[in-house]
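Heads up, the thing below is written out as structure tokens.
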Amino acid sequence: MDTVSFTAAMARVPSPVTVVTTYGADGLPYGFTAGSFVSASLEPPLVLVCLDKGASTHPAFATTERFLVNVLGAGQQEVARRFAASGTDRFASGDMRPLEGGLPGLPDACARIACRLHSVLDAGDHTALLGRVEQTFTSERTPLVHVDRLFHRAVRDRPEPAGAAEGNAHGSQPPMTERAFPLIFAERVGMTADFYELLGYTRQSQNPPQGEPTYIGMRRGSAEIAVVSTDWPRTQCGLAPGPGPRFEMFVLVDDLDTTLKQLTDAQVPVLRAPADMPWGERIAHVLDPDGNPVAVACSTHR
Ligand SMILES: Cc1cc2nc3c(=O)[nH]c(=O)nc-3n(C[C@H](O)[C@H](O)[C@H](O)COP(=O)(O)O)c2cc1C
């Protein structure tokens, strides 16, 4: 196993962001940022954190009696960076206070877990510190997580919409406040939804649930559209859609030739054959069942 593949795979694994602190035999505070923090046993309550044998803090932690794990919250990435930086006084800013067991703690942490060192295990180039949990503190703060080599805030996943649970590999829904989608006025709602299914959209909701739909909500990854009947703007706000093309949909796909073959097999008219654009996209235009142009594109930067 090569290091690049190993670290690439591990970068995809979300980890907590913690700052582990202790006092050394010299009476000075020591701390380091750790993503390797995990619970190890319930009875007795044990946690584990791995520390690089070459780290400047290693001698202090390998011989300590107690340590405190500060679990960082969203917005505390500056603390994580400071406790990962070498050759600086990580405690100089004064944001750490003597907290559980008198150990250096972050008052507004997401959680704190105070431990007595239980055992020190050899873990390759790291040392695994097993700690027996003595005291804990928790707050309502949203946790900070590290994944894909970046800091993120842990947000609650939303339940899958009805019908999207099994076999739908299109990912989770973005938070409600980050959603926006156009409503497409279509003469033939069902047929237009069928067309967008060919482009990878899946039906998420339908109104009325039975019979001829006047509204079909669709999703493709985080992209959403709703196909509604041409009656919709009149019933909602007293307007009627004009004739002719009313919008152009732009859909990016992985493989333009394969998608175009599927569309032509389904008798979708092609308005313009694929053409390479100077900005690095290959684009073809087709016609949706309502007469609107749809650009189907893929990137040529690969
Ligand atoms: C998000 C993140 C997670 C980290 N996780 C660990 C870890 O679990 N174990 C570890 O030894 N170092 C980890 N590090 C690196 C240490 O925080 C620190 O940079 C390293 O111990 C070098 O410190 P030194 O200058 O004291 O030698 C992590 C750094 C970051 C930014």
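Any residue at all in the range 25-38 that's at pLDDT 95 or above, away from the ligand (no atom under 14 Å from the Cβ), crowded, with 21+ Cβ neighbours inside 10 Å and in the same structural domain as residue 144 (by TED's automatic domain parsing)? Looking through the range 25-38, none of the residues is at pLDDT 95 or above, away from the ligand (no atom under 14 Å from the Cβ), crowded, with 21+ Cβ neighbours inside 10 Å and in the same structural domain as residue 144 (by TED's automatic domain parsing).
Of the residues that sit in the range 39-57 and are within 11 Å of the ligand (Cβ to nearest atom) and over 14 Å from residue 15 (Cβ atoms), which one is surrounded by the fewest Cβ atoms within 10 Å (Cβ to Cβ)? Step through it out loud before you land on a result.
To start, the set of residues in the range 39-57 that are within 11 Å of the ligand (Cβ to nearest atom) comprises 48-57.
So of that shortlist, the ones also over 14 Å from residue 15 (Cβ atoms) come out as 51-57.
On the way: 51: 22, 52: 14, 53: 14, 54: 8, 55: 15, 56: 11, 57: 19.
Result: 54.
Please tell me if residue 153 is modelled with pLDDT under 90, within 16 Å of the ligand (Cβ to nearest atom) and surrounded by 11 or more Cβ atoms within 10 Å (Cβ to Cβ). Yes, satisfied. When residue 244 is tested against (1) in contact (Cβ under 8 Å) with a residue 60 or more places away in the chain; (2) exposed (fewer than 11 other Cβ atoms within 10 Å of the Cβ); (3) of a type outside the set (Lys, Arg), exactly one condition is not met: (1). A single entry from 84, 60 fulfils the requirement of being within 12 Å of the ligand (Cβ to nearest atom), in a helix (DSSP H, G or I), touching a residue at least 24 places away in the same chain (Cβ under 8 Å) and surrounded by 11 or more Cβ atoms within 10 Å (Cβ to Cβ): 60. Restrict the check to the range 105-121 and report whether at least one residue is out of contact with any strand residue (DSSP E or B) (no Cβ under 6 Å at 6 or more places or on another chain), in a loop (DSSP other than H, G, I, E, B), over 23 Å from residue 146 (Cβ atoms) and among the acidic types (Asp, Glu). No, that holds for no residue.
Given the options 88, 3, 57, name the one that is within 19 Å of residue 126 (Cβ to Cβ) and either charged (D, E, K, R) or assigned by TED's automatic domain parsing to the domain that holds residue 139 (or both).
Values: 88 fails: within 19 Å of residue 126 (Cβ to Cβ); 3 fails: either charged (D, E, K, R) or assigned by TED's automatic domain parsing to the domain that holds residue 139 (or both).
Matching residue, one of 88, 3, 57: 57.
The residues listed here are 263, 271; of these, the one that is modelled with pLDDT of 90 or more, surrounded by 14 or more Cβ atoms within 10 Å (Cβ to Cβ) and either part of a strand (DSSP E or B) or among the hydrophobic types (A, V, I, L, M, F, W, C) (or both) is 263.
The values are calculated or read from the model by the stated rules, or taken from the named source; none is laboratory data. Small disclaimer: the values here were computed from a predicted structure and weren't measured. Glycine also receives a Cβ, built like all others from the backbone with ideal geometry; neighbour counts cover every protein chain displayed.
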